[in-house]
Amino acid sequence: MDKEKQLLHIGTELFSEHGYRFVGIEDLVQQAGLSTGSFYTYFSSKKDFYVAILESIENQGKTEADKIVSHLSSPMNQLKALYHFIILGLKSSPILKGVMTGNKKYLFPGYHEWSKRNDSLENHIKAHLAEIIRRGSITRHFRTGIYHNPQILITALFEAVLLHMDDEKNSEALVSDILLLLQRGIRRKMRIRKRNEDREKRKKLPDYLQW
């Protein structure tokens, strides 16, 4: 492993455990067995080093999100997989989770400006969600016409997941509920179990349930 990769690997471990503020350059080089000069050969500051780690993690996330979408053909399955990816991906990366949920422990000077860039992982996932909804509407997998703006609805649900990511107990339950809501709310065809005893009742269901 070369020195730059070694620093990035150790930096990821230290920042994941301690956050941004409580990790210094001396901690990094000491852990790596390198000199302070070696650090500045590759990075101009601790902030630039931290951003390099974040962007590396985000790029991996973008690649994984792209794979998820490309490997599935059903729009609903794509939505389900992306929402589960959000939960699993953020849980596996304390730094990314901390930054995306606004945890002060993981924020750095200039974070707010950095987070507004167009090529962020958050925007990448939102773009995927919007495109899935658009294509699903065209192929008539989704009945989005009943909503004023389905794309905003889907991204708002994504942001709701981020807001509750620190709640380990309920975050997965929230995603399950969101997926159930999406499946019942925007699927073009709804599966209704056939039972002899309520066959007549189902004939009287309101129009919006007759897909």
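FYI, it's all coordinate maths here, none of it is from the lab. Note that the structure is predicted; figures quoted are calculated from it, not measured. With ideal geometry, Cβ positions are generated from the backbone for all residues, glycine too; neighbour counts draw on all protein chains shown.
Annotations for the structure displayed:
- Label corresponding to Cα extents along the principal axes in Å when calculated from the structure given, among (1) 57, 50, 27; (2) 43, 36, 30; (3) 79, 33, 30: (3)
- Net charge of the neighbourhood of A32, taken over other residues with C-beta under 13 Å away and scored Lys/Arg +1, Asp/Glu -1, is -3.
- Considering only S93, Q151, I186, and ranking their Cα positions along the charge dipole of the chain that arises from unit charges at the beta-carbon of Lys, Arg, Asp and Glu, the one farthest toward the positive end is I186.
- Comparing mean-square fluctuations of K46, K97, K169 from a GNM of the chain with C-alpha springs under 10 Å, the top value falls on K169.
- Cβ crowding within 10 Å, taken as a proxy for footprinting-reagent exposure, orders F142, F49 from fewest neighbours to most as F49, F142.
- Placing +1 on the Cβ of every Lys and Arg and -1 on the Cβ of every Asp and Glu, with nothing else charged, gives the stretch 1-43 a dipole about its Cα centre of roughly 80 debye.
- Size of electric dipole in the chain: Cβ of Lys, Arg +1 and of Asp, Glu -1, about Cα centre, debye, nearest 20: 1840
- Exposure proxy order (Cβ contacts within 10 Å, fewest to most) of F158, F15, F22: F22, F158, F15
- Neighbour-count order for L163, L182, fewest beta carbons within 10 angstrom listed first: L163, L182
- Additional length obtainable on full extension of the chain from N170 to I146, 0.36 nm per residue less Cα span: 5.7 nm
- In a simple Cβ point-charge model (Lys, Arg +1; Asp, Glu -1; nothing else charged), the stretch 1-113 has a dipole of about 360 debye relative to its Cα centre.
- Entry note, the stretch 60-196: relative contact order of 27 percent, from Cα contacts under 8 Å with a spacing of 6+ residues.
- Electrostatic tally near S120: other residues with Cβ closer than 12 Å to its Cβ, Lys and Arg +1, Asp and Glu -1, net -1.
- Using a simple spin-label model with pseudo-atoms 7 Å out from Cα toward Cβ, E64 and V51 lie 2.4 nm apart.
- When the chain is described by a simple charge dipole with +1 on each Lys and Arg Cβ and -1 on each Asp and Glu Cβ, the residue from Y106, P75, T41 located farthest towards its positive end is P75.
- Ratio Rg/Rh, restricted to the stretch 1-43 and using Cα atoms, in which Rh is the Kirkwood radius: 0.93
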